[in-house]
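Engineer: The structure follows.
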Amino acid sequence: MTRPTPRVRKAVVPAAGLGTRFLPATKATPKEMLPLVDKPAIQYVVEEAVAAGLDDVLMVTGRGKRALEDHFDRNAELEAVLSGKGDTARLDLVRAATDLATVHYVRQGDPRGLGHAVLCAAPHVGDEPFAVLLGDDLIDPADPLLPFMTGLRDELGGSVIALLDVGAGHIHRYGCAAVEPGDREGVVRVTDLVEKPEPGRAPSSLAVIGRYVLDPAVFEVLAKTGPGRGGEIQLTDALRTMARDPRIGGPVHAVVFTGRRYDTGDRGEYLRATVRLACRREDIGPEFRAWLRHFATAELAG
Ligand code: G1P
């Protein structure tokens, strides 16, 4: 008799990276704390996990990441000042980050790659499927992806990853998947994976983006996975082992995402995400859009 598979409840958010692409801003501030409008990037990620029903979040952190813990913790002094002033709107904003989810932390120690960061989550996750959300990838809240992925895992078992067609010219910056068609629209079966293929050697232009729903068998595979691209233990390499042999942790399916995703680790995309989110805001949006229209027509056109 097969065991009923538990539902996905836990999210793992690797957040140990150095953020060198944003120096000097990230010299003393974790890159995950850089704001998009007025909210740190990491809070969007935790909100996305919670919106998908995952309210147990484990952050894998490292040196210099204390600000992350402070952000999701109470700040009694600040709350007292705001409530003394009767500023309930800001008090709600401050408390929202704390009340969002139960956030746990584990430190990675040696930064030995994404696969190693995920392996650090093994004692917390245990023997149940879980999600991994990479903080540099911002999925537009208007285009929800994760609930679809957890639903697929419930239905099909195994693991589910997310792919985006980035075109042949950009695929060398990503994990790349070889796929075969599946039974339903927008879902494919992954047959092979390669981390950051050499130009011209990629099996497709489908890039792995930073949302994964993983079978816990991945931990055993990661523990046996040696260093790969860049001398790091790569999650892509462990998933490759699983995709090639479905006896280990079931099949690997992928959702081919057609919504909006921003690589907020890239300065240009970070700015674009900020502008888009600002335009959509009810409070500052109308004025900002009017300014942007003027800026684009008057200043950029000339
Ligand atoms: C990581 C993964 C890669 C994936 C990418 C998505 O790479 O290793 O497979 O395509 O995230 O953003 P990184 O961007 O950390 O180099």
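Engineer: Using a 7 Å offset from Cα along Cα-Cβ at LEU100, what residues in the stretch 10-24 end up with backbone N under 14 Å from the label point?
Structural biologist: Counting only backbone N, you get 11-15.
Engineer: A further question follows. Using only Cα atoms, locate the centre of the stretch 23-51 and the centre of the stretch 274-302, then give the distance between them in Å, rounded to an integer.
Structural biologist: Between the Cα centres of the stretch 23-51 and the stretch 274-302 lies a distance of 22 Å.
Engineer: How tilted is helix 88-99 with respect to the longest principal axis of the chain? Cα atoms for both, answer in degrees (0 to 90, nearest 10).
Structural biologist: Helix 88-99 sits roughly 20 degrees off the main axis of the chain.
Engineer: Additional query: Per residue of the stretch 225-238, what does 6.51 cos²θ - 1.76 cosθ + 1.60 with θ = phi - 60° give for ³J(HN,Hα)? Whole Hz please, x for Gly and Pro, Karplus curve as stated.
Structural biologist: Once θ is set to phi - 60°, the couplings for the stretch 225-238 become 8, x, x, x, 3, x, x, 10, 7, 9, 4, 4, 5, 5 Hz.
Engineer: Ok, one more. Quick one: what are the phi-derived ³J(HN,Hα) couplings along the stretch 263-276, Karplus 6.51/-1.76/1.60 with θ = phi - 60°, whole Hz, x for glycine and proline?
Structural biologist: For the stretch 263-276, the Karplus-derived couplings read 8, 6, x, 9, 4, x, 5, 4, 5, 4, 5, 4, 5, 5 Hz, x marking Gly and Pro.
Engineer: In addition: If amide hydrogens are placed 1.01 Å from N in the peptide plane, which non-local residues have theirs closer than 5 Å to the one on ASP192?
Structural biologist: The list, which skips near neighbours in sequence, is ALA178.
Engineer: Using alpha carbons only, how many degrees (0 to 90, rounded to 10) separate the axis of helix 285-294 from the longest principal axis of the chain?
Structural biologist: 90 degrees
Engineer: Further question: Looking at the stretch 151-302 only, what percent of DSSP beta bridges run antiparallel? Nearest 5 please.
Structural biologist: In the stretch 151-302, DSSP labels about 75 percent of beta bridges as antiparallel.
Engineer: Placing +1 on the Cβ of each Lys and Arg and -1 on the Cβ of each Asp and Glu in the chain, which of VAL94, GLY249, GLY64 has its Cα farthest towards the positive end of the resulting dipole?
Structural biologist: So the residue we want is GLY64.
Engineer: Need the full-extension length gain, HIS294 to GLU185, defined as separation in residues times 0.36 nm minus the C-alpha distance. One decimal, nm.
Structural biologist: Taking 0.36 nm per residue and subtracting the Cα distance, the gain is 35.1 nm.
Engineer: How many nm is it between the label spots at CYS279 and ALA301, if each spot is 7 Å from the Cα in line with the beta carbon?
Structural biologist: Going by the 7 Å Cα→Cβ label model, 1.6 nm.
Engineer: Normalise the Cα radius of gyration of the stretch 66-222 by 2.2 N^0.38 Å (N = residues in it) and let me know the number.
Structural biologist: 1.31
Engineer: In the stretch 131-231, what GluC sites (Glu not before Pro) fall in a loop by DSSP, with at most 13 other Cβ atoms inside 10 Å? Could the numbers behind the result be given before it?
Structural biologist: Details: sites: GLU155, GLU185, GLU195, GLU220; in loops: GLU185.
Loop-located and lightly packed - GLU185.
Engineer: From the C-alpha coordinates alone, can you work out the Kirkwood hydrodynamic radius of the chain, in Å?
Structural biologist: Working: mean 1/r = 0.0489 Å⁻¹.
Over the chain, the inverse of the mean reciprocal pair distance is 20.4 Å.
Engineer: Also: May I ask you to order 82-89, 113-120, 293-300, 6-13 by the average number of other C-beta atoms within 10 Å around their residues, highest value first?
Structural biologist: Details: 82-89: 11.1, 113-120: 24.2, 293-300: 9.4, 6-13: 21.0.
Peptide ranking by packing, descending: 113-120, 6-13, 82-89, 293-300.
Engineer: Output ³J(HN,Hα) for the stretch 169-175: one whole-Hz value per residue in order, computed from phi by the Karplus curve 6.51 cos²θ - 1.76 cosθ + 1.60 with θ = phi - 60°, and x for Gly and Pro.
Structural biologist: x, 10, 5, 5, 8, 10, x
Engineer: May I ask you to work out the translational diffusion coefficient for the stretch 133-239 at 37 °C, viscosity 0.692 mPa s, via Stokes-Einstein with Rh from the Kirkwood sum over Cα pairs, reported in whole µm²/s?
Structural biologist: 224 µm²/s
Engineer: Let me ask something else about it. Whenever you get a sec, compute what percent of the accessible area on the chain sits on carbon and sulfur atoms (1.4 Å probe).
Structural biologist: On the way: 8110 of 15550 Å².
C and S fraction of accessible area: 52 percent.
Engineer: Moving on to the next point. So what is the accessible area of the chain per residue, in Å², with the probe set to 1.4 Å?
Structural biologist: It amounts to 52 Å² per residue over the chain.
Engineer: Quick one: Cα centre-to-centre distance for the stretch 158-198 and the stretch 55-134, in angstrom?
Structural biologist: 30 Å
Engineer: Can you tell me what share of the DSSP beta bridges in the chain is antiparallel? A percent to the nearest 5 is fine.
Structural biologist: Details: 26 of 45 bridges.
Counting only bridges with both partners in the chain, antiparallel ones make up about 60 percent.
The values are calculated or read from the model by the stated rules, or taken from the named source; none is laboratory data. Please read these numbers as outputs of a predicted model, since none were measured by experiment. A quick note on method: Cβ atoms are made from the backbone with ideal geometry, for glycine too, and the neighbour counts reach across all protein chains shown. These accessible areas exclude ligands, DNA and RNA; they are computed on the full protein's heavy atoms, side chains included. Shrake-Rupley method; radii C 1.70, N 1.55, O 1.52, S 1.80 Å.
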